[in-house]
Amino acid sequence: MGHFVIVGILVIVMTVLTYLGLDAAGLATQMNPVAASAQAAPIDQLWHWEVIVVSFLFSLIVVPMMYSLVVFRQKKGEMKDGEHMEGNATLEIAWTVVPLIIVVVFAYLGAYSLGEVRRVDPNAMVINVRAQQFTWTFEYPEYGFISTELHLPVDRQVVLKMESADVIHSFWVPEFRVKQDVVPGRITEYRITPTLEGSYKVRCAELCGTTHAYMESPVVVNSQAEYDAWIVEQVKIAEESKTPEGQGKVLATKYGCIGCHSADGSPLTGPTWFNLYGSDVKLADGSTVAADDAFLAESILDPNAKIVEGFPSPSVMPPYALTDEEITNLIAYIKTLK
Ligand code: CUA
């Protein structure tokens, strides 16, 4: 009996020490970045409980083992066999029932947290998200504009309706905690209630291709007043972009062209659009072609028709079935990039 009391006390002491050690190493309460959403609280709380139970289970295994190694060690000259034991019903019931209770409690805590994270606010604001290699675009259907930045008002639930144009991506803002895959052919939902104003980043958390690591966009949580001002500004920009080149720029954002084709000459997955129009383009087969309307239209509709020197063949770009008007607008935009 004396051994049990000592081991029991040591297990409690070891649990506390393990927890404090993990916490000091930043694994208990400090592991995640700042919590910026209402959904973060139940997730962080669940994690905290798990660290406590992990500390206890670790101690429950390690302490009796170390205690036995030291206290029941074979003494010098002691040659007799160990005591024969035939099982222990009390112990077996205890080690079945206690873990069962822990698992059931955590199943409840997990289900409860999931319910909290998914709690639906019927007044949630809808924003459409489009993911594609390697950009995010955000459409505000109430106002009819598209942005490459996600701006959200603080303390209001938003539901992101997300779709992918190509492969599986994953929408992840660490400060919001929740992560959701974006899957081609269906719309997935992501609900979040930002609670802390600030600038964050959405990262793609699903390996989706060569520049997956750079598939990130700004996420800004604004006060209601700042958010309203931003909306007014975006609506104004959208109004001004009713020209062909303005429309082309909107298309370049909407279809994600800008994810691979830079507007300033910087190297990305595809050839830059800077100073492209009217230039002589060297092709992989050694010939040269003038970058005119016909060449650009052909490259949009059938990227494999002509491969530019230094870029992989077959092309990594999928064909884009744009309308004639869209192509005209896009080329009008490319013309402005000088
Ligand atoms: Cu998109 Cu990784």
With criteria (1) within 16 Å of the ligand (Cβ to nearest atom); (2) surrounded by fewer than 16 Cβ atoms within 10 Å (Cβ to Cβ), Val129 comes up short on (2)
Subset of the range 180-189, residues assigned to a loop (DSSP other than H, G, I, E, B) and more than 17 Å from Val120 (Cβ to Cβ), comes to Val183, Gly185, Arg186
Of the residues in the range 257-299 that are at pLDDT 90 or above and among the polar types (S, T, N, Q), the one that is farthest from Ala332 (Cα to Cα) is Ser287
If you go through Lys335, Lys242, the only one that is out of contact with any Lys or Arg (no Cβ under 9 Å at 6 or more places or on another chain), surrounded by 14 or more Cβ atoms within 10 Å (Cβ to Cβ) and of a type in the set (Lys, Arg) is Lys335
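Every residue, every condition in (1) basic (Lys, Arg); (2) modelled with pLDDT under 85; (3) out of contact with any Pro (no Cβ under 7 Å at 6 or more places or on another chain); (4) not in a helix (DSSP H, G or I), yes or no:
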| site | (1), (2), (3), (4) |
| --- | --- |
| Val62 | no, no, yes, no |
| Tyr67 | no, no, yes, no |
| Gln74 | no, yes, yes, yes |
| Gly82 | no, yes, yes, yes |
| Gly87 | no, no, yes, yes |
| Ile93 | no, no, yes, no |
| Val98 | no, no, yes, no |
All conditions in (1) touching a residue at least 12 places away in the same chain (Cβ under 8 Å); (2) under 12 Å from the mean Cα position of the chain (by Cα) are true of Gly198 except (2)
Quiz item: Do we have any residue at all in the range 313-322 that's over 32 Å from the mean Cα position of the chain (by Cα), over 20 Å from Met215 (Cα atoms) and open to solvent by 80 Å² or more (accessible area, probe 1.4 Å)?
Solution: no
Considering the range 190-224, residues that are under 23 Å from Met125 (Cβ atoms) and β-branched (Val, Ile, Thr), and then whichever is nearest to the ligand (Cβ to nearest atom), we arrive at Val202
Of (1) surrounded by fewer than 10 Cβ atoms within 10 Å (Cβ to Cβ); (2) within 16 Å of the ligand (Cβ to nearest atom), Met79 satisfies every one except (2)
Pairs returned, first residue in the range 155-179 that is more than 19 Å from His212 (Cα to Cα), second residue that is among the aromatic types (Phe, Trp, Tyr) and open to solvent by less than 10 Å² (accessible area, probe 1.4 Å), beta-carbon separation under 6 angstrom, 6 or more apart or interchain, are Leu160/Tyr190
When Ser113 is run through (1) assigned to a helix (DSSP H, G or I); (2) among the polar types (S, T, N, Q); (3) over 22 Å from the mean Cα position of the chain (by Cα), the failure sits at (3)
Subset of the range 164-185, residues in contact with a Pro (Cβ under 8 Å, 6 or more places away or on another chain) and within 13 Å of the ligand (Cβ to nearest atom), comes to Ser164, Ala165, Asp166, Val167, Ile168
Sole miss for Val104 among (1) in contact with a Ser or Thr (Cβ under 6 Å, 6 or more places away or on another chain); (2) farther than 30 Å from Glu240 by Cα is condition (1)
Any hit, the range 227-241, residues being polar (S, T, N, Q), farther than 24 Å from Glu142 by Cβ and assigned to a loop (DSSP other than H, G, I, E, B): no
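The values are calculated or read from the model by the stated rules, or taken from the named source; none is laboratory data. The model shown is predicted, which means the values in this text are computed figures rather than measured ones. Because the Cβ atoms are built from the backbone with ideal geometry, glycine has one as well, and the counts that use them run over all protein chains shown. These area figures cover heavy atoms from the full protein model, side chains too; ligands, DNA and RNA do not enter into them. Shrake-Rupley method; radii C 1.70, N 1.55, O 1.52, S 1.80 Å.
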